[in-house]
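*Asks:* The structure that follows is given in the form of structure tokens.
The values are calculated or read from the model by the stated rules, or taken from the named source; none is laboratory data. Values in this document were obtained by computation on a predicted structure and should not be read as measured data. As a convention, Cβ positions derive from the backbone with ideal geometry for all residues, glycine included, and neighbour counts pool all protein chains shown.
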Amino acid sequence: MLEDTAHRLDFLSLDPISKLEEEHEKQKTTVGAGSSWDDDNDYDIHGAIRLTDEQIDEFHSTGYLYLPEVFTAEELRVLNDELPGLFSRSEPYNISELSNSKIPRTNFASHLISKPFAKLSRHPRIIRLVETLLNDKLYVHQFKINKKTAFEGEVWQWHQDYSTWLQEDMMSTNRAMNVAIFLDDVNHYNGPLMFIPGSHKEGVISADYDTKTTSYPIWKVGNDVISQLVDRAGGKQGGIVSPIGPAGSVVLFHSCLVHSSSTNISPWDRNIVYLSLCATSNHIRRFKRPEYIAHRSFDPIICLLDDCLLDSTIDEQISVPWEGKLPDSALEVKNDIISDEDMQKVKEYPVHDEEELSTSCCAEAVVVVVVENPLNQLSIDDQYIVVDETMNTAS
């Protein structure tokens, strides 16, 4: 039974913009330097970059935020033109549907293979949004394209992404989130995402490892729990929602938000790019999964300029190390949790110092608490995990 006192792992609620402006100034000298830099565009492209207080409140309340038409048709053409080549490769990072191995399901790590997707992974319209919500520098934990082929696209079971990141990758806290970018129009019929609003407030929910339903194993939340969550969220009156809209739209959603998608039996494809972005101070501590699924470079993302997708003059400066062949190192895995000694060798980037936290207009006292691991599957420090919480959580 779902407990009202379920453990909560909420985002730190800190000053959304001011603490990052100094770093943004430094980034004006990166790739594309010499081009004009428009501070208004940095935060207000299509009205999406400078999140309002109302949008931030909406995100914390529901666990997601929908932003229509963030990318243009011309930019989408650049990205969509890459898809046939990416999905045609015979590499482990391409996953097919269970019922038909000729139908692609997921492409992982396209930002390390394709220059347009490498640019997308550093695009200010995406990165600035998540920096605002996490108030930290970011790295790419996972990058994938989920393809729902017309008439053939299969289901994604109800799940939480952070459940997997905790159990498989030993990501200590949920200071990570997803950005979904619609490469196609998404409607009610071609397998849209489905969210249970507010379910992120339950923290990590017990789940079973499902290796049979689809070609990609997943930590699936049970049907009884889903029924309770949907009832709690409003039942037939809003207990399940599906963000739909035109290609180029973006959805931000919390790593603990329970979500799924149904089969696509419509005549329309539904391709969505997912960037899973993690705070650099919260990087994973175990390499149990191949690197093309859970990335191991924790360097903070440095944004390109806003026109990067259409600017071919910077292509020579864009690194795509797996463009030719997937390296053997990307397949290596280790079950051991990285030791504290080894962790000292990893370059870490703290959120802010104590003085900055104390002067943040939105911050309350930040505490580190230890809570029992509700998953009872894996653990850090003898069945306990360390999570960050604020005294006035956004929930």
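*Asks:* Filter region 231-257 for residues that are of a type outside the set (A, V, I, L, M, F, W, C) and surrounded by 18 or more Cβ atoms within 10 Å (Cβ to Cβ) and give the result.
*Replies:* Gly239, Pro243, Gly248, Ser249, His254, Ser255
*Asks:* Looking at (1) on the phi > 0 side of the Ramachandran plot; (2) at pLDDT below 95, which is the one condition that is false for Ile17?
*Replies:* Only one criterion in (1) on the phi > 0 side of the Ramachandran plot; (2) at pLDDT below 95 is unmet by Ile17, namely (1).
*Asks:* Tyr189 passes all but one of (1) assigned to a helix (DSSP H, G or I); (2) touching a Ser or Thr at 6+ places or on another chain (Cβ under 9 Å); (3) not β-branched (Val, Ile, Thr); which number fails?
*Replies:* The failed condition is (1).
*Asks:* Any residue in region 215-232 that is at pLDDT 95 or above, part of a loop (DSSP other than H, G, I, E, B) and under 21 Å from Lys144 (Cβ atoms)?
*Replies:* yes
*Asks:* For a quick check of your reading of the model, give me the residue pairs whose first member lies in region 228-254 and is farther than 25 Å from Glu69 by Cα, whose second is among the charged types (D, E, K, R), with beta-carbon atoms closer than 7 Å and at least 6 apart or on different chains.
*Replies:* Short answer, once both residue conditions are applied: Gly239/Asp231.
*Asks:* While we're here: Filter region 257-291 down to residues that are under 15 Å from the mean Cα position of the chain (by Cα) and assigned to a loop (DSSP other than H, G, I, E, B) and give me whichever is farthest from Gln157 (Cα to Cα).
*Replies:* Among residues in region 257-291 that are under 15 Å from the mean Cα position of the chain (by Cα) and assigned to a loop (DSSP other than H, G, I, E, B), the one farthest from Gln157 (Cα to Cα) is His283.
*Asks:* Then there's this: Mind checking whether some residue in region 96-114 is buried (at least 16 other Cβ atoms within 10 Å of the Cβ), of a type in the set (Asp, Glu) and either part of a helix (DSSP H, G or I) or out of contact with any Gly (no Cβ under 8 Å at 6 or more places or on another chain) (or both)?
*Replies:* no
*Asks:* How many residues are of a type in the set (Asp, Glu) and in contact with an Asp or Glu (Cβ under 6 Å, 6 or more places away or on another chain) if we restrict to region 69-104?
*Replies:* Matching residues across region 69-104 total 1.
*Asks:* For the condition in a loop (DSSP other than H, G, I, E, B), in contact with a strand residue (DSSP E or B) (Cβ under 9 Å, 6 or more places away or on another chain) and at positive phi, what is the one hit in Gly235, Gly248?
*Replies:* Gly248
*Asks:* I'd like to know if region 170-178 contains one or more residues that are assigned to a loop (DSSP other than H, G, I, E, B), more than 20 Å from Tyr274 (Cα to Cα), out of contact with any strand residue (DSSP E or B) (no Cβ under 6 Å at 6 or more places or on another chain) and at pLDDT 95 or above.
*Replies:* no
*Asks:* Moving on. If you scan region 269-297, which residues turn out to be of a type in the set (Phe, Trp, Tyr) and either farther than 19 Å from Ile126 by Cα or modelled with pLDDT under 95 (or both)?
*Replies:* Within region 269-297, Phe287, Tyr292 meet the criteria.
*Asks:* Quick check on Ile205: is it in contact (Cβ under 8 Å) with a residue 40 or more places away in the chain, farther than 18 Å from Val251 by Cα and outside any helix (DSSP H, G or I)?
*Replies:* yes
*Asks:* Can you tell which of Ser339, Ser260, Ser266 is surrounded by fewer than 22 Cβ atoms within 10 Å (Cβ to Cβ), modelled with pLDDT under 95 and not β-branched (Val, Ile, Thr)?
*Replies:* The conditions single out Ser339.
*Asks:* With the structure loaded, tell me whether Gln160 is on the phi < 0 side of the Ramachandran plot and touching a Cys at 6+ places or on another chain (Cβ under 9 Å) or whether it fails that test.
*Replies:* So Gln160 fits the description; yes.
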